[in-house]
Amino acid sequence: MVKRQFGHRVRLVLPPDQVAALNAQAHAARALWNLLHDWWTMMPRRLRSLAAAEAAIRQARSDIDWLAVLPAQAAQAVLKTYMKAWRNCWEGRAEAPAFKARLRTVMSVDIPQGRDLHVKRVHRRWGMVNIPKMGRVRFRWTKNLPVGKHANTGNRITGARLVKDALGWHLAFRIQVLEVEPEPHAGPEVGIDVGVNISLALSDGNHHSHGRPARTKDARTDRDKWLNDNEKARLLELECRAAHRKSFGKPGQGTSRRLQRTYDQIARLRARAKRRAVDWQHKTTTLLADQYSVIVVEDLHIPAMVASARGTLQEPGRNVAQKAGLNRSITQEAWGRTLVMLTYKTAQRGGALRKVPAPGTSLRCSACGLTSPGSRRSQARFACKNTGCGWEGNADHNAARNILHLYQTGHPLVPAAGRAVVRRARRVKPATAR
């Protein structure tokens with residue numbers, strides 16, 4: 001048996017009064033973080049401790065009335081998260097904690113104890129959950145949860161987090177289950193090349209694409225490929241309306257209610273597009289994990305690939321607009337999220353995800369193994385210039401075959417996380433020496 005921990009997100013159905021109550025709790029949690037951050041940074045180092053921070057939080061909740069709307073366990077969760085953020089900073093994994101702004105911060109409230117939720121299924125499509133200081137709340141039942149007779153020491157809900165996005169309030173369960181260790185997958189091996197024209201090009205020719213255009217002639221609608229034509233027109237209308245209303249604002253003046261309402265409408269449309277993209281990624285990665293035992297991909301440094309080509313005043317970049325359009329297409333494909341899904345889904349089914357070096361995979365011929373100048377004719381076409389070969393085909397398919405060949409020939413690879421740690425250590429070392 002192996003222990004597996006994962007999350008499951010459900011949509012809450014709340015009346016207006018409960019929405020207002022949850023908004024108040026989320027704002028109280030954000031304000032408590034800011035107060036704790038000010039207390040920690042102003043306090044002398046010799047007086048900083050976890051016990052002193054707990055005492056300061058208890059004193060603040062007793063002195064400030066509107067902080068009392070936040071449950072006591074949620075306040076302790078804010079302290080735990082803040083201390084974890086400092087540990088990540090000290091160990092070089094993240095930057096130092098910072099102030100949380102009202103409009104740029106995701107509204108959330110943590111429920112650290114799973115036993116306080118009292119989850120119950122009341123209908124085939126609906127369930128009930130207990131929210132501290134709010135009572136019973138209905139949510140959409142989309143996955144079997146370890147509740148009732150299915151809950152025990154190994155299978156249980158360990159906690160949850162309330163999160164608000166553009167589509168409303170959601171509840172993210174933290175679930176722990178005990179499962180039988182999967183047998184080794186008996187399926188074939190496959191190489192995958194992630195791209196823009198073909199989303200996932202496979203070495204065996206079974207490509208997967210979401211059927212939406214990668215690039216269009218209208219750059220304004222190119223970034224919203226997951227919306228239909230009516231939704232794109234609506235989004236463009238809202239963006240023009242927001243720009244018009246913003247033009248009447250004065251420097252230093254806050255956002256008006258009309259402008260904020262327009263921003264919320266834009267955010268709902270973009271959240272709908274993201275939900276469709278994630279749905280396609282989940283279905284496609286599940287199909288691949290069920291079919292193949294080893295999935296081989298390139299080790300791509302995506303942040304460097306989507307860097308701007310604008311350059312500087314002394315050395316301005318070239319083809320900036322074309323590079324910006326390519327960056328938008330790469331960002332919308334969300335290659336990193338696809339790889340994360342493939343990683344845990346292959347592990348659950350007894351398979352594995354492997355990475356190989358990326359340089360040369362799209363320029364080398366998969367039939368003869370030679371790299372000839374001019375073989376990559378376009379973004380989607382590859383024709384080998386070698387006299388004795390002459391292989392022609394899709395460029396992404398050719399790259400996928402090269403990726404699988406690199407894995408089968410045993411090329412080693414340093415994990416991407418290891419490289420990031422090395423880069424950070426090299427950057428910090430000179431400062432430490434001084």
Ordered by packing density, taken as the mean number of other Cβ atoms within 10 Å over each peptide's residues, highest first, how do 341-348, 150-157 rank?
-> 341-348, 150-157
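Hey, can you rank 10-20, 189-199, 66-76 by average C-beta count inside 10 Å, highest first?
189-199, 66-76, 10-20
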Proximal aspartates and glutamates relative to LYS149, as straight alpha-carbon distance under 20 Å, when same-chain residues fewer than 8 apart are discounted = ASP116, GLU179
Could you order peptides 229-235, 275-281 by the average number of other Cβ atoms within 10 Å of their residues, highest first?
-> 275-281, 229-235
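Report for the chain the percent antiparallel among DSSP-assigned beta bridges with both residues inside it, nearest 5.
Just about 85 percent of them are antiparallel.
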Taking the simple approach of a point 7 Å from Cα along Cα-to-Cβ for both ASP38 and VAL180, what is their distance in nm?
-> 5.8
So which residue, out of LYS120, LYS143, LYS355, gets the largest mean-square fluctuation from a GNM of the chain using Cα contacts under 10 Å as springs?
-> LYS143
Mind scanning LYS120/LYS283; LYS225/LYS283; LYS120/LYS143; LYS84/LYS274; LYS274/LYS345; LYS232/LYS323 and naming the pairs with a C-alpha gap bigger than 24 Å?
-> LYS120/LYS283; LYS84/LYS274
Along principal axes, Cα extents of the chain, largest first, whole Å | 83, 61, 59
May I ask you to evaluate 6.51 cos²θ - 1.76 cosθ + 1.60, the Karplus curve with θ = phi - 60°, for each residue of segment 243-256 and list the ³J(HN,Hα) values in order in whole Hz, giving x for glycine and proline?
-> 5, 5, 5, 5, 5, 8, x, 9, x, x, 7, x, 6, 6
Cys residues of the chain with no disulfide-compatible partner (no other Cys Cβ under 4.7 Å) are CYS89, CYS240
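Readers should treat all values here as calculations from the given coordinates under stated rules, not as data from a laboratory. Predicted, not measured: the structure shown is a model, and the values here were computed from it. All Cβ positions, even for glycine, are placed from backbone atoms using ideal geometry, and neighbour counts span all protein chains on display.
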